[in-house]
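The values are calculated or read from the model by the stated rules, or taken from the named source; none is laboratory data. Only a predicted model underlies this, so the values are computations on that prediction, with no experimental measurement involved. All Cβ positions, even for glycine, are placed from backbone atoms using ideal geometry, and neighbour counts span all protein chains on display.
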(Lines give C-alpha, C1' and ligand atoms only; values in the text may rest on other atoms or scores of the structure.)
Protein backbone atom coordinates (compact mmCIF):
# COMPACT_ATOMS: atom_id res chain seq x y z
CA UNK A 1 0.00 0.00 0.00
CA UNK A 2 1.32 3.41 -0.89
CA UNK A 3 2.18 6.05 1.69
CA UNK A 4 -0.39 8.48 0.33
CA UNK A 5 -3.13 5.81 0.93
CA UNK A 6 -1.95 4.89 4.42
CA UNK A 7 -1.89 8.51 5.68
CA UNK A 8 -5.62 9.24 5.32
CA UNK A 9 -6.49 5.92 7.00
CA UNK A 10 -4.12 6.68 9.86
CA UNK A 11 -5.51 10.18 10.31
CA UNK A 12 -9.08 8.87 10.27
CA UNK A 13 -8.30 6.21 12.90
CA UNK A 14 -6.53 8.78 15.07
CA UNK A 15 -9.53 11.10 14.78
CA UNK A 16 -11.85 8.32 15.95
CA UNK A 17 -9.63 7.60 18.95
CA UNK A 18 -9.45 11.28 19.94
CA UNK A 19 -13.21 11.75 19.49
CA UNK A 20 -13.97 8.67 21.59
CA UNK A 21 -11.65 9.89 24.32
CA UNK A 22 -13.25 13.34 24.37
CA UNK A 23 -16.77 11.86 24.47
CA UNK A 24 -15.83 9.58 27.36
CA UNK A 25 -14.38 12.50 29.31
CA UNK A 26 -17.43 14.65 28.60
CA UNK A 27 -19.81 11.88 29.69
CA UNK A 28 -17.85 11.28 32.88
CA UNK A 29 -17.72 14.97 33.64
CA UNK A 30 -21.45 15.41 32.99
CA UNK A 31 -22.43 12.50 35.22
CA UNK A 32 -19.99 13.60 37.91
CA UNK A 33 -21.27 17.15 38.08
CA UNK A 34 -24.93 16.40 37.42
CA UNK A 35 -26.89 18.51 39.93
CA UNK A 36 -28.63 16.63 42.71
CA UNK A 37 -32.37 17.10 43.30
CA UNK A 38 -32.97 20.12 45.53
CA UNK A 39 -36.79 20.28 45.69
CA UNK A 40 -39.25 17.86 47.30
CA UNK A 41 -43.04 17.82 46.86
CA UNK A 42 -45.20 16.20 49.54
CA UNK A 43 -48.76 14.88 49.64
CA UNK A 44 -50.15 13.55 52.91
CA UNK A 45 -53.61 12.25 53.85
CA UNK A 46 -54.69 11.12 57.28
CA UNK A 47 -56.94 11.48 60.30
CA UNK A 48 -57.19 14.64 62.37
CA UNK A 49 -58.39 15.10 65.95
CA UNK A 50 -59.64 18.52 67.05
CA UNK A 51 -59.30 19.68 70.64
CA UNK A 52 -59.44 16.80 73.09
CA UNK A 53 -60.42 14.40 70.30
CA UNK A 54 -64.20 14.75 70.67
CA UNK A 55 -64.28 15.97 67.05
CA UNK A 56 -62.34 13.95 64.48
CA UNK A 57 -62.17 13.83 60.73
CA UNK A 58 -59.72 13.96 57.85
CA UNK A 59 -56.79 16.10 56.83
CA UNK A 60 -54.87 16.82 53.63
CA UNK A 61 -51.42 18.37 53.37
CA UNK A 62 -49.55 19.55 50.25
CA UNK A 63 -46.10 21.09 50.52
CA UNK A 64 -42.96 21.95 48.54
CA UNK A 65 -39.53 22.22 50.15
CA UNK A 66 -36.05 23.23 48.98
CA UNK A 67 -32.72 22.03 50.31
CA UNK A 68 -30.63 24.81 51.83
CA UNK A 69 -27.21 23.11 51.62
CA UNK A 70 -25.90 21.26 48.57
CA UNK A 71 -23.57 19.27 50.81
CA UNK A 72 -23.89 17.92 54.33
CA UNK A 73 -22.87 20.60 56.82
CA UNK A 74 -22.70 19.71 60.48
CA UNK A 75 -24.61 20.27 62.71
CA UNK A 76 -27.17 20.59 59.90
CA UNK A 77 -26.56 17.52 57.70
CA UNK A 78 -29.81 18.19 55.86
CA UNK A 79 -31.94 21.30 56.20
CA UNK A 80 -34.93 22.33 54.07
CA UNK A 81 -37.29 25.30 53.92
CA UNK A 82 -40.63 25.44 52.18
CA UNK A 83 -44.34 26.15 52.28
CA UNK A 84 -47.34 23.92 52.91
CA UNK A 85 -51.15 24.10 52.81
CA UNK A 86 -53.26 22.18 55.34
CA UNK A 87 -56.94 21.33 54.90
CA UNK A 88 -58.63 19.73 57.92
CA UNK A 89 -62.27 19.04 58.72
CA UNK A 90 -64.11 17.03 61.35
CA UNK A 91 -67.55 16.47 62.82
CA UNK A 92 -69.11 15.31 66.08
CA UNK A 93 -72.47 13.71 65.42
CA UNK A 94 -75.26 14.45 67.90
CA UNK A 95 -76.69 11.61 69.96
CA UNK A 96 -80.21 11.43 71.40
CA UNK A 97 -81.16 7.92 72.48
CA UNK A 98 -83.94 6.93 74.86
CA UNK A 99 -83.02 3.57 76.35
CA UNK A 100 -85.70 1.01 77.34
CA UNK A 101 -84.92 1.52 81.05
CA UNK A 102 -85.83 5.19 80.71
CA UNK A 103 -82.29 6.59 80.62
CA UNK A 104 -81.77 9.32 78.04
CA UNK A 105 -78.36 9.63 76.35
CA UNK A 106 -77.49 12.79 74.43
CA UNK A 107 -74.48 14.74 73.17
CA UNK A 108 -74.03 18.00 71.31
CA UNK A 109 -73.35 18.57 67.60
CA UNK A 110 -70.06 20.09 66.48
CA UNK A 111 -68.26 20.67 63.22
CA UNK A 112 -64.86 22.27 62.56
CA UNK A 113 -62.95 23.04 59.37
CA UNK A 114 -59.54 24.68 59.19
CA UNK A 115 -57.40 25.85 56.26
CA UNK A 116 -53.93 27.18 56.98
CA UNK A 117 -50.66 28.07 55.33
CA UNK A 118 -47.47 26.79 56.88
CA UNK A 119 -43.90 28.08 56.52
CA UNK A 120 -41.81 24.94 56.99
CA UNK A 121 -38.31 24.48 58.39
CA UNK A 122 -37.29 20.81 58.19
CA UNK A 123 -34.30 19.31 59.97
CA UNK A 124 -32.89 15.78 59.54
CA UNK A 125 -31.11 15.16 62.86
CA UNK A 126 -29.99 11.63 61.99
CA UNK A 127 -29.07 12.09 58.31
CA UNK A 128 -26.05 9.76 58.51
CA UNK A 129 -27.73 6.99 60.54
CA UNK A 130 -31.50 7.26 59.85
CA UNK A 131 -31.83 9.19 56.60
CA UNK A 132 -35.64 9.27 56.33
CA UNK A 133 -36.36 10.74 59.77
CA UNK A 134 -37.13 14.45 60.02
CA UNK A 135 -38.62 17.10 62.27
CA UNK A 136 -40.50 20.06 60.77
CA UNK A 137 -41.55 23.24 62.60
CA UNK A 138 -42.89 26.58 61.50
CA UNK A 139 -45.50 29.31 61.94
CA UNK A 140 -49.02 29.01 60.52
CA UNK A 141 -51.72 31.43 59.44
CA UNK A 142 -55.21 30.20 58.71
CA UNK A 143 -58.96 30.46 59.05
CA UNK A 144 -61.15 28.22 61.19
CA UNK A 145 -64.90 27.71 60.85
CA UNK A 146 -66.64 26.20 63.86
CA UNK A 147 -70.31 25.22 64.06
CA UNK A 148 -71.96 24.23 67.32
CA UNK A 149 -75.34 24.04 69.04
CA UNK A 150 -76.19 27.27 70.81
CA UNK A 151 -79.16 25.56 72.44
CA UNK A 152 -81.12 22.32 72.09
CA UNK A 153 -84.34 20.79 73.32
CA UNK A 154 -86.08 17.45 72.97
CA UNK A 155 -89.66 16.32 72.59
CA UNK A 156 -91.03 12.79 72.44
CA UNK A 157 -93.36 11.65 69.69
CA UNK A 158 -95.07 8.28 69.85
CA UNK A 159 -94.45 7.71 66.14
CA UNK A 160 -91.06 9.37 65.50
CA UNK A 161 -89.57 8.86 68.94
CA UNK A 162 -87.24 11.56 70.27
CA UNK A 163 -87.20 14.75 68.18
CA UNK A 164 -84.31 17.13 68.59
CA UNK A 165 -84.62 20.87 68.12
CA UNK A 166 -81.37 22.80 67.85
CA UNK A 167 -80.22 26.37 67.37
CA UNK A 168 -76.95 26.34 65.42
CA UNK A 169 -74.31 29.08 65.46
CA UNK A 170 -71.21 29.40 63.28
CA UNK A 171 -68.02 31.29 63.98
CA UNK A 172 -65.16 32.20 61.63
CA UNK A 173 -61.84 33.53 62.78
CA UNK A 174 -58.29 34.02 61.54
CA UNK A 175 -55.44 32.94 63.72
CA UNK A 176 -51.66 32.70 63.82
CA UNK A 177 -50.04 29.68 65.40
CA UNK A 178 -47.45 26.99 64.94
CA UNK A 179 -47.20 23.43 63.70
CA UNK A 180 -44.75 20.64 64.53
CA UNK A 181 -44.38 17.43 62.50
CA UNK A 182 -42.34 14.26 62.94
CA UNK A 183 -41.93 12.17 59.79
CA UNK A 184 -40.30 8.94 58.68
CA UNK A 185 -39.85 8.21 54.96
CA UNK A 186 -38.65 5.24 52.92
CA UNK A 187 -37.36 5.25 49.34
CA UNK A 188 -39.44 3.06 46.98
CA UNK A 189 -38.06 4.19 43.61
CA UNK A 190 -35.80 6.84 42.14
CA UNK A 191 -37.05 10.18 43.50
CA UNK A 192 -40.18 8.61 45.11
CA UNK A 193 -40.70 8.11 48.86
CA UNK A 194 -43.50 6.89 51.11
CA UNK A 195 -43.80 7.30 54.86
CA UNK A 196 -45.90 8.28 57.82
CA UNK A 197 -46.13 11.44 59.91
CA UNK A 198 -47.56 12.85 63.13
CA UNK A 199 -48.40 16.58 63.47
CA UNK A 200 -49.42 18.83 66.32
CA UNK A 201 -50.71 22.37 65.79
CA UNK A 202 -52.06 25.20 67.92
CA UNK A 203 -53.01 28.84 67.43
CA UNK A 204 -53.83 31.98 69.40
CA UNK A 205 -57.47 30.87 69.76
CA UNK A 206 -56.46 27.57 71.37
CA UNK A 207 -57.52 25.48 68.39
CA UNK A 208 -55.43 22.37 68.99
CA UNK A 209 -55.19 19.76 66.21
CA UNK A 210 -53.45 16.38 66.19
CA UNK A 211 -52.82 14.69 62.84
CA UNK A 212 -51.74 11.14 61.95
CA UNK A 213 -51.32 10.09 58.33
CA UNK A 214 -49.36 8.62 55.48
CA UNK A 215 -47.30 10.54 52.95
CA UNK A 216 -46.03 10.34 49.36
CA UNK A 217 -43.08 12.48 48.28
CA UNK A 218 -41.27 13.23 45.02
CA UNK A 219 -37.77 14.69 44.88
CA UNK A 220 -36.78 16.73 41.82
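Tell me the residue from 166, 153, 113 that is without any contact (Cβ under 8 Å) to a residue 60 or more places away in the chain and farther than 25 Å from residue 44 by Cα, please. I'd like the intermediate steps shown before the answer.
Numbers: 166 fails: without any contact (Cβ under 8 Å) to a residue 60 or more places away in the chain; 113 fails: farther than 25 Å from residue 44 by Cα.
Only one candidate passes the filter, namely 153.
Is the range 59-76 home to any residue that is out of contact with any strand residue (DSSP E or B) (no Cβ under 6 Å at 6 or more places or on another chain) and either crowded, with 16+ Cβ neighbours inside 10 Å or modelled with pLDDT of 85 or more (or both)?
No, the range 59-76 contains no residue that is out of contact with any strand residue (DSSP E or B) (no Cβ under 6 Å at 6 or more places or on another chain) and either crowded, with 16+ Cβ neighbours inside 10 Å or modelled with pLDDT of 85 or more (or both).
Please enumerate the residues belonging to the range 200-216 that are part of a strand (DSSP E or B) and surrounded by 15 or more Cβ atoms within 10 Å (Cβ to Cβ).
Matches in the range 200-216: 201, 202, 203, 209, 210, 211, 213, 215, 216.
Quick grid of which residues meet (1) in a strand (DSSP E or B); (2) in the same structural domain as residue 64 (by TED's automatic domain parsing); (3) more than 24 Å from residue 56 (Cβ to Cβ):
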residue: 100; (1), (2), (3): no, yes, yes
residue: 105; (1), (2), (3): yes, yes, no
residue: 112; (1), (2), (3): yes, yes, no
residue: 130; (1), (2), (3): no, yes, yes
residue: 135; (1), (2), (3): yes, yes, yes
residue: 143; (1), (2), (3): yes, yes, no
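If only one of 160, 211 is assigned by TED's automatic domain parsing to the domain that holds residue 59 and farther than 16 Å from residue 86 by Cβ, which one is it? Walk me through how you get there before you give the answer.
Values: 211 fails: farther than 16 Å from residue 86 by Cβ.
Within the list 160, 211, the selection yields 160.
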